[in-house]
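The values are calculated or read from the model by the stated rules, or taken from the named source; none is laboratory data. Since the structure is predicted, the reported quantities are computational estimates derived from the model, not experimental observations. All Cβ positions, glycine included, derive from the backbone under ideal geometry; neighbour counts span all protein chains shown. Heavy atoms of the whole protein, side chains included, go into the accessibility calculation; ligands, DNA and RNA do not. Shrake-Rupley method; radii C 1.70, N 1.55, O 1.52, S 1.80 Å.
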Amino acid sequence: VLVGGRGSNLEALIRAGVDVVQVVSHRPGVRALAVAAAAGIPAAVVDPARAASRAEWDRALCRQVEEIPCDGVIMAGFLRQVGPPLLERYGERIVNVHPSLLPAFPGLHAVRQALAYGVKITGVTVHFVEAALDQGPIIAQEAVAVVPDDTEDTLTARVQQVEHRLLPAVVRDLDQGRIRRNGRRVWREESECAPW
Ligand code: GRF
């Protein structure tokens, strides 16, 4: 699991019984690393500030992830784009959770963007990761209504409640081979069709 912040999605994955073999953060000192430590999960930091170049950081991140064999890579609060080495190595086995109904409000501060725009409905997207930011094929989405008194904090709290349910459910489906993909179109099958 790639993290960079509070680690509440990491906690949700652990609670749901996902076998998290390693946590990698792009930022030192974040709460997500403490969550990993408390759960006894090996954790590492690959800090872009300590890499000589973007390309070197990309390679270091891939090397770190490869250190412990895994079936797939889950980006949960990892606020950096991953580069070619990781994408080539793990290809269709990288997923990300994003706090909006993509393609609306990609990038940082998606909840703030939704409030500023004035949409009545926003939500959560879980998608496959591709090189272009927040543009990979969508696996699952769930809507969250915006209410008149919402602040960034209150709306974020409701969006995250959905994330904590949707992301583990998608990971379980991937693990059980229930997610079928045909180009940009992705759907869930009741029976096993495509083991991760
Ligand atoms: C989540 O809202 C996720 O969608 C976004 O960053 C946030 C991470 O939260 N990419 P946490 O670190 O899992 O608590």
(request) Give the residues of the stretch 20-32 that are of a type in the set (A, V, I, L, M) and over 11 Å from Val1 (Cα atoms), sorted by residue number. (result) Val30
(request) Please work out if Ala49 is open to solvent by 40 Å² or more (accessible area, probe 1.4 Å), within 15 Å of Gln22 (Cα to Cα), in a helix (DSSP H, G or I) and out of contact with any Cys (no Cβ under 9 Å at 6 or more places or on another chain). (result) no
(request) Report yes if some residue within the stretch 170-179 is modelled with pLDDT of 95 or more, away from the ligand (no atom under 14 Å from the Cβ) and farther than 20 Å from Arg93 by Cβ; otherwise report no. (result) no
(message) Restricting to the stretch 150-167, count the residues that are within 12 Å of the ligand (Cβ to nearest atom) and touching a residue at least 60 places away in the same chain (Cβ under 8 Å).
(response) 6
(request) Scan the stretch 52-81 residue by residue and report those that are in a loop (DSSP other than H, G, I, E, B), more than 12 Å from the ligand (Cβ to nearest atom), among the hydrophobic types (A, V, I, L, M, F, W, C) and closer than 30 Å to Gln161 by Cα. (result) Ile68, Cys70
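Of everything in the stretch 82-100 that's of a type in the set (Gly, Ala, Ser) and not in a helix (DSSP H, G or I), which residue is farthest from Val124 (Cα to Cα)?
Taking the stretch 82-100 and keeping what is of a type in the set (Gly, Ala, Ser), we get 83, 91, 100.
Imposing the further condition that a residue be not in a helix (DSSP H, G or I) reduces the set to 83, 100.
Working: Gly83: 24, Ser100: 5 Å.
Per the stated criteria, the residue is Gly83.
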(request) Considering (1) assigned to a loop (DSSP other than H, G, I, E, B); (2) more than 14 Å from Ala76 (Cα to Cα); (3) not aliphatic (A, V, I, L, M), say which one Thr154 fails and leave the rest. (result) (1)
(request) Select, from Ala16, Ala49, Ala32, the only residue that is over 18 Å from the mean Cα position of the chain (by Cα) and either within 11 Å of the ligand (Cβ to nearest atom) or not basic (Lys, Arg) (or both). (result) Ala49
(message) I'm checking my understanding of the structure. Among residues of the stretch 101-149 that are free of Cβ contacts under 8 Å to residues at least 24 places away in the same chain, within 15 Å of the ligand (Cβ to nearest atom) and in a helix (DSSP H, G or I), which one is most open to solvent (accessible area, probe 1.4 Å)?
(response) Gln113
